[in-house]
Amino acid sequence: MAKLVDVAGKEAIIGQSVGYWLADADFVSTSELEVKAHGRIGFLRDWPSVYTTSKALKSLIGKKGKCAGKRVGVVGEPSPEEVAQVKGLTFHRLHSFSNAELVESKTGFQIVRGWAVFEHLDLATSAAFVAERYWWNTLPDGKWVDFTPRPDGLPELLLSEAAGDASKQRSTLTEADFVMAAYLFKQRFSLTLARAAQPQPALAAQPPASETKAKETPTRTSAPAAESPAPAAAAAAPAGSLRELTKRVSAGDIEAVRELETKITGNEEQCIQVAGDGIIAPLVKMLGESTKQEDALKLLLLVTDAGVGQKNVDVASNLISAGVVDPLVKLLSSDSTNLKELAPAVLGNLAHESPANQDKVAKMDVFRPLIDLLSAEIGPAQEAAYAIWNLTVGHEENSAKVVRLGAVPKLAELLKSPSDVAQENAAGALMHVTMSAEARAAIVQADAIPRLCELLKPSYEPEVSSQAAGALLNLASDCPEYAKLIIKGGAVGPLVNLVKDGPDLAREYAAGALMNLLRNEMEVADQAAKAGAIPALASLLSRPTGHSEALGALANLASGSSERQVSIYKAQVTRKSVSLLADPDLDIRRSAVALIMNLSPQAKIKERIVEAGALKPLTLVLKDEDDIIRERAAGAFANLFNDHSANVHAGFTQAPEMIPALVEIIQVPTHSEDAKRQAAHALAMLAAEDGPCDAVWSAGAGAPMLAMLKDQVAEAALGIMNLSWRWPEVKQELAKGGAVEYLTKMLKSNDIMAKEYAAGALMNMTAGSMENAEKAVGVVTLLVNMLKAEAVQAAEWSAGALANITRMGAEPQKEAISAGAATALAALLPKVTSNGKTLLVLAFTSLAEHQAAAVQKALSGNKERSRLRDFRDSGNEELQDYTNTLVEKIGGGFTL
């Protein structure tokens, strides 16, 4: 005998199992025959000529047909090479929908939704045809492939890709669905379909909504009935019979309760209907009668399951108003295992996705008995975990209560249960109590992290791995200590695999966990990249959920690694990231702008980002209400403009409004220091170019830059440097605002970058200004010390500043020579950049005015003179003139 299976490959149970079940609505016959009247069907006898000659076939799959197709093809059985690509996967008869989904999830071969077309073989040739709703896959080269097992004698199928909607929704197996499947098994495969033994009533109520640390994401681990209409074959019970039953229930008839449960099982719409027909109060009353409690609870579970599935909160709210919570809480301490299993399942449903109902249930002293049940038999324990899960989703107060009452060690122990339902519910509950430091510490103390890491492996149910990933996501959020424990537990590889192959919720949570684990962890980022995280995360951007988590993980992978930045760019995420800057979801915008910021240090990538149209959207998010987004947008501009003149001019041309937006960030005191630093850096890069420089000054950047400089912010010194080079009046105004004094103070700091920018700013502030140079004579020795810096640019800018300041006379020149300026400058000659050559020569020339002998001594070596000859003969007329002037200034017979 054959077995009917659900989407997970388990034996299907009527009223319990969820799957894609074929119904009359999935077949369209040109003779308008019902499925059981189809008779023999098979491949088209007059193919291929029938395709162009038959009006009946055209009426079925032609452009205007009942099952209009856009592409038709004959697909044979898979080749050995194709079969090898799905090695290890199991495919089931009559399950083309779930078979195609399985192939896509494991291989990435996209699903093709459409129809399998057969001919009515009992009728005249080409007289009539039937289309069956059917899914298959397409290989990367476009070839169609179908892995669903076929009847013997049907080596080829005619498949028609739907021009319209050929979608199919999952639903709970009904009696009518089973009868249809039994008929098809017999008719096509000559197999009798075994009916699965009916288990105890479903006590594992639907899992609660789940949230990540950053946002609430209501998701159920099993497909909710709300997403699928009642199957066409499951006809509604006559209204009269339902009304009669509800009347009898209202009268306290326990037999009517049992009959009603049987009648409405599998039809959530009817469950919702009867919940509003006056049965709630009688059922609540029955909970206090020992002979009726269990049957009443079964019906309440059925009705509240439907409320969860249909997202109808009124069902739960009406039950709470009818006083159902108090008797349910009392039943948690019952001597009956069944009652202790049913009661928490109903309580969990009452709290599902309703903060108001969470509060109402929590006020009834429900937590202590629920936590006690966590140590009971597996049935009550897993349902208690389910109730705790639903009561704590997004509710910090309830989460804190659960932790204080000692739930965490018991939930951690429940993770070890062999029951996948218990594992899932315990992990889900732990995920949502991790919002406090106390809870996280308790989870670590209970040694739950290794078990949560273990549950990520493919040997566990996908729903279990999803919730384990969610718990690890929250544990690692803003907690490097716990992140290291998770990494030590071996979570990175399994998390990457979940992103690749898991269900949507698992992909989302796993990406979020990776995002948190990768933060500032270069070795872990390398490990994840080698495991294939980058293409897996990039592919998540084409799925309906998980965008913020994927973008965030990619942003952390991009941080600090040129190699990974290039790999991420090659994964073709740039344009998608730019488009998501305008997404209404706050977390998606945050992650998108973070990724763009972290990709843009790369010279080639920053060009591609600008080409992808990022400048306008980035300008818009500079004005976002969210501080983090504004900060990251400013950082993106800073990186895009850094050392890239073309991008600066593109930004100034395409989005000039960014300049006042950046100035506003450095003006407003409430903005974070990091936001101001990034904005100041971006403005500094703009000020390095002619047209943008004037715009930055005109937008009022001077005063806030000076205020930041007074606070010794390094990026402000860079801004002052680039603002002061162009116009003497700007330089004068900055000097009046105290720029020189603030810069000399910055030179005395321990911040290497700040000292470098300060040297550059002093170089420009003192150029052509004796007054400013005189103010800066006190930093000569500091500048000489910076000539020995490892950063060549810092040394060059210090040389430029010395060139201007030592012109003030003999004393600063003497101080510079005493501090070793001549030999330090000579040591720079071999490594100076093209931009720094003139600065070195000018510094030597200024020193030679009163210290010619010391300069000559420093330049007397063959290597030094050879290098100066290169300067003179470089073809740069300005450098040539300056070099000749230096030789003349040294005098004393010095030649090159």
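Can you tell me which residues in region 330-343 are buried (at least 17 other Cβ atoms within 10 Å of the Cβ) and touching a Pro at 6+ places or on another chain (Cβ under 7 Å)? So that I can check it myself, show each step before the final result.
Filtering region 330-343 down to residues buried (at least 17 other Cβ atoms within 10 Å of the Cβ) leaves 331-332, 334, 338-343.
If the condition is that a residue be buried (at least 17 other Cβ atoms within 10 Å of the Cβ) and touching a Pro at 6+ places or on another chain (Cβ under 7 Å), then Leu332, Lys340, Glu341 are the ones that fit.
Of the residues Ala816, Ala822, the single one that is crowded, with 23+ Cβ neighbours inside 10 Å, in contact (Cβ under 8 Å) with a residue 24 or more places away in the chain and touching a Phe, Trp or Tyr at 6+ places or on another chain (Cβ under 8 Å) is Ala822. Taking region 671-706 as the range and being open to solvent by less than 30 Å² (accessible area, probe 1.4 Å), more than 18 Å from Pro656 (Cα to Cα) and among the hydrophobic types (A, V, I, L, M, F, W, C) as the test, the residues that pass are Ala675, Met705, Leu706. Under the condition of being open to solvent by 30 Å² or more (accessible area, probe 1.4 Å), outside any loop (DSSP other than H, G, I, E, B) and not acidic (Asp, Glu), the residues counted in region 318-329 number 2. Taking every residue in region 313-342 that is free of Cβ contacts under 8 Å to residues at least 60 places away in the same chain and under 14 Å from Ala387 (Cβ atoms) and pairing it with any residue that is hydroxyl-bearing (Ser, Thr, Tyr) and surrounded by fewer than 16 Cβ atoms within 10 Å (Cβ to Cβ), at least 6 positions away or on another chain, the pairs with Cβ-Cβ distances below 9 Å are Lys340/Ser333. Of the conditions (1) open to solvent by less than 40 Å² (accessible area, probe 1.4 Å); (2) in contact with a Ser or Thr (Cβ under 9 Å, 6 or more places away or on another chain); (3) over 15 Å from Pro327 (Cβ atoms); (4) of a type outside the set (Asp, Glu), Gln293 clears all except one; give me its number. Result: Gln293 passes all but (3). Ile805 meets the conditions (1) crowded, with 17+ Cβ neighbours inside 10 Å; (2) over 21 Å from Lys731 (Cα atoms); (3) over 53 Å from the mean Cα position of the chain (by Cα) in every case but one. The failed one is (2).
Taken residue by residue, region 263-285 has no member that is open to solvent by 30 Å² or more (accessible area, probe 1.4 Å), at pLDDT 90 or above and in a loop (DSSP other than H, G, I, E, B). Just so you know, in region 839-896 the residues that are touching a residue at least 40 places away in the same chain (Cβ under 8 Å), under 58 Å from the mean Cα position of the chain (by Cα) and more than 16 Å from Leu825 (Cα to Cα) include one that is surrounded by the most Cβ atoms within 10 Å (Cβ to Cβ), and it is Leu879.
One line per residue, one yes/no per condition, for (1) within 18 Å of Glu796 (Cα to Cα); (2) outside any helix (DSSP H, G or I):
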position	(1), (2)
Trp725	yes, yes
Glu729	no, no
Leu734	no, no
Glu741	no, no
Asn750	no, yes
Tyr757	yes, no
Ala761	yes, no
Glu771	no, no
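Scoring Ala794 on the criteria (1) in contact (Cβ under 8 Å) with a residue 24 or more places away in the chain; (2) open to solvent by 10 Å² or more (accessible area, probe 1.4 Å); (3) in a helix (DSSP H, G or I) leaves a single failure, condition (2).
Against the list (1) in contact with a helix residue (DSSP H, G or I) (Cβ under 6 Å, 6 or more places away or on another chain); (2) surrounded by fewer than 24 Cβ atoms within 10 Å (Cβ to Cβ); (3) part of a helix (DSSP H, G or I), the condition Ala506 fails is (2).
Set side by side, the residues Ala612, Ala582, Ala603, Ala634 differ, and just one is among the small types (Gly, Ala, Ser), in contact (Cβ under 8 Å) with a residue 40 or more places away in the chain and surrounded by fewer than 23 Cβ atoms within 10 Å (Cβ to Cβ), which is Ala603. Within region 477-490, identify whether any single residue is part of a helix (DSSP H, G or I) and touching a residue at least 60 places away in the same chain (Cβ under 8 Å), and answer yes or no. No, region 477-490 contains no residue that is part of a helix (DSSP H, G or I) and touching a residue at least 60 places away in the same chain (Cβ under 8 Å).
Looking only at region 439-450, count how many residues are assigned to a helix (DSSP H, G or I) and either open to solvent by 50 Å² or more (accessible area, probe 1.4 Å) or in contact with a His (Cβ under 8 Å, 6 or more places away or on another chain) (or both). Of the residues in region 439-450, 2 are assigned to a helix (DSSP H, G or I) and either open to solvent by 50 Å² or more (accessible area, probe 1.4 Å) or in contact with a His (Cβ under 8 Å, 6 or more places away or on another chain) (or both).
The residue that is nearest to Asp165 (Cα to Cα), counting only those in region 12-46 that are outside any loop (DSSP other than H, G, I, E, B) and open to solvent by 70 Å² or more (accessible area, probe 1.4 Å), is Asp24. The residue list Ser399, Ser466, Ser417, Ser436 contains one member that is within 23 Å of the chain's Cα centre (by Cα), open to solvent by less than 50 Å² (accessible area, probe 1.4 Å) and either modelled with pLDDT of 90 or more or not polar (S, T, N, Q) (or both), which is Ser466.
Quick check on Pro199: is it open to solvent by 40 Å² or more (accessible area, probe 1.4 Å), modelled with pLDDT of 90 or more, assigned to a loop (DSSP other than H, G, I, E, B) and not basic (Lys, Arg)? Walk me through how you get there before you give the answer.
Working: open to solvent by 40 Å² or more (accessible area, probe 1.4 Å): yes; modelled with pLDDT of 90 or more: no; assigned to a loop (DSSP other than H, G, I, E, B): yes; not basic (Lys, Arg): yes.
Judged against the criteria, Pro199 is not a match.
Is region 148-163 home to any residue that is modelled with pLDDT under 90 and among the charged types (D, E, K, R)? Looking for residues that are modelled with pLDDT under 90 and among the charged types (D, E, K, R), one finds at least one in region 148-163, hence yes.
Might you let me know whether region 300-314 holds any residue that is surrounded by fewer than 20 Cβ atoms within 10 Å (Cβ to Cβ) and in a helix (DSSP H, G or I)? The answer is yes; a qualifying residue exists.
Quick check on region 455-475: of everything there that is among the charged types (D, E, K, R) and not in a helix (DSSP H, G or I), which residue is farthest from Leu518 (Cα to Cα)? Within region 455-475, the match that is farthest from Leu518 (Cα to Cα) is Glu461. Per the conditions (1) surrounded by fewer than 22 Cβ atoms within 10 Å (Cβ to Cβ); (2) over 20 Å from Ala714 (Cα atoms); (3) under 30 Å from the mean Cα position of the chain (by Cα); (4) not aromatic (Phe, Trp, Tyr), the sole criterion not satisfied by Asn647 is (1).
For region 112-147: of the residues being among the small types (Gly, Ala, Ser) and open to solvent by 10 Å² or more (accessible area, probe 1.4 Å), which is modelled with the lowest pLDDT? If we take residues in region 112-147 being among the small types (Gly, Ala, Ser) and open to solvent by 10 Å² or more (accessible area, probe 1.4 Å), then Gly142 is modelled with the lowest pLDDT. For region 387-396, taking the residues that are open to solvent by less than 10 Å² (accessible area, probe 1.4 Å) and over 15 Å from Ala471 (Cα atoms), the one that is farthest from the chain's Cα centre (by Cα) is identified as Ala387.
The values are calculated or read from the model by the stated rules, or taken from the named source; none is laboratory data. Just so it is clear, the model here is predicted, and its values are computed rather than measured. Using ideal geometry, Cβ is built from the backbone for each residue, glycine included, and neighbour counts are taken over all protein chains shown. Heads up: the accessible areas ignore ligands, DNA and RNA and are worked out on the full protein's heavy atoms, side chains in. Shrake-Rupley method; radii C 1.70, N 1.55, O 1.52, S 1.80 Å.
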